[in-house]
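The values are calculated or read from the model by the stated rules, or taken from the named source; none is laboratory data. As the structure is a computational prediction, the values presented were derived from the model and not from experiment. Neighbour counts run over all protein chains shown; Cβ positions are idealised from the backbone, glycine included.
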Amino acid sequence: MTPPIALPPCEPGGPDPVAVSAAIREWVTSPALAELVGHFGGEVPAGPLGSVLDRVAEFSRVWDFRAGVRERFDTTHVDYGDDLDARLRALIHTLGLGDREWPAHDRYDHLVVLGGGIRVTLGRAEYAARLLAGLRVRTVAGLGSLRWRDDREHREAARLGLGPIETEADMMLTGLRRYLDLAEPATAREGDGWWHRVWAEPRPGIEEVHVLAAASTRPPRRANTADTLLGWAEHVHTPGRAERVLLITNHPYVLHQHCDAVRLLGGRYGCGIETIGFDDLARHTWGRPLRTTELLQEVRSSLLAMRQLHTALAHATA
């Protein structure tokens, strides 16, 4: 199988617009994306990168199986037949939405665990704890929102024998406390639509552990990944140009969440950004088979995130 396309780079000092643009162009003009778009009756045009991104982003509405607002686990299912389905999934693999499960370095300033549904969050927290057995970091932060759990998540929490968990951020709190063996937090802060818990020196070599329930910038809609990243920079730690930040998520969200982090943290503060997904053990324990429509939805998310990243860097260098 063709190796996945590399992520846009972001070393300490901030993203290099030329290198990032080259990575985005490689992705959006790749044979894999051209064939994928072609299967749905479209084509990737020639032209300046911004124009190509705009036109393919508009076309990608054909992959909006969440109707713009539904949660990821409510994505519509379409049966493409065995042969076409297998080909679509092979092309999506080449586009590199995930499958990056090991950090490139053995030391980072900050490890940030992104939030999500209950099993995804527990998987990311468990994987973070295993990484910390051999990874040196100054701080660990788990991010989430005040999205209330739905009935499926309540039932799963009960099945797993977990205590009261009301929101997405509570899931992260439960996960990090369980897998990092944390006692009660030393500090608790709250504000309008957000809260923050802190553990000081919870284990040798780690200065602090944080859990943040980030505020939404689009109320009444819940905080999204961008909101939690900005919340981390505001309430937990404002990164500097010499710092490396490692983000943990899982397949198939690595690419679009990486692009968001490069834009919002690397671009604004100049820090280095690396993003990985959890490994085979965590995937086997906590993951689930994803439908092809869910993967296509994340191709669209990645495309939109790359367009935002390209636009932000173009404005910064204009």
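In the set (1) over 19 Å from A318 (Cβ atoms); (2) surrounded by 13 or more Cβ atoms within 10 Å (Cβ to Cβ); (3) assigned by TED's automatic domain parsing to the domain that holds L91; (4) of a type outside the set (G, A, S), the condition left unmet by E43 is number (2). Checked against the criterion of being crowded, with 17+ Cβ neighbours inside 10 Å, in a loop (DSSP other than H, G, I, E, B) and out of contact with any His (no Cβ under 7 Å at 6 or more places or on another chain), the candidates P164, P103 yield just one match: P103. C259 meets all of the listed conditions (1) in contact (Cβ under 8 Å) with a residue 60 or more places away in the chain; (2) over 26 Å from P4 (Cα atoms) but one, namely (2). Checking each residue of segment 264-284 against the condition of being of a type outside the set (G, A, S), over 28 Å from R138 (Cα atoms) and surrounded by fewer than 21 Cβ atoms within 10 Å (Cβ to Cβ) gives at least one match. On the stretch given as segment 123-144, residues that are in a loop (DSSP other than H, G, I, E, B), at pLDDT 95 or above and of a type in the set (G, A, S) total 0.
V120 fulfils the conditions (1) at pLDDT 95 or above; (2) under 16 Å from T275 (Cα atoms); (3) not in a loop (DSSP other than H, G, I, E, B) except for a single criterion, (1). When the residues of segment 267-281 are filtered to those that are touching a helix residue (DSSP H, G or I) at 6+ places or on another chain (Cβ under 9 Å) and part of a helix (DSSP H, G or I), the one that is farthest from V18 (Cα to Cα) is L281.
Listed by position, the strands (runs of 3 or more DSSP E) inside segment 184-227 whose residues that are within 30 Å of S302 (Cβ to Cβ) number at least 2 are 194-203, 206-213. Considering only segment 102-128, state which residues are under 19 Å from W232 (Cβ atoms) and small (G, A, S). Once the filter is applied, which keeps residues that are under 19 Å from W232 (Cβ atoms) and small (G, A, S), segment 102-128 yields G115, G116, A125, A128.
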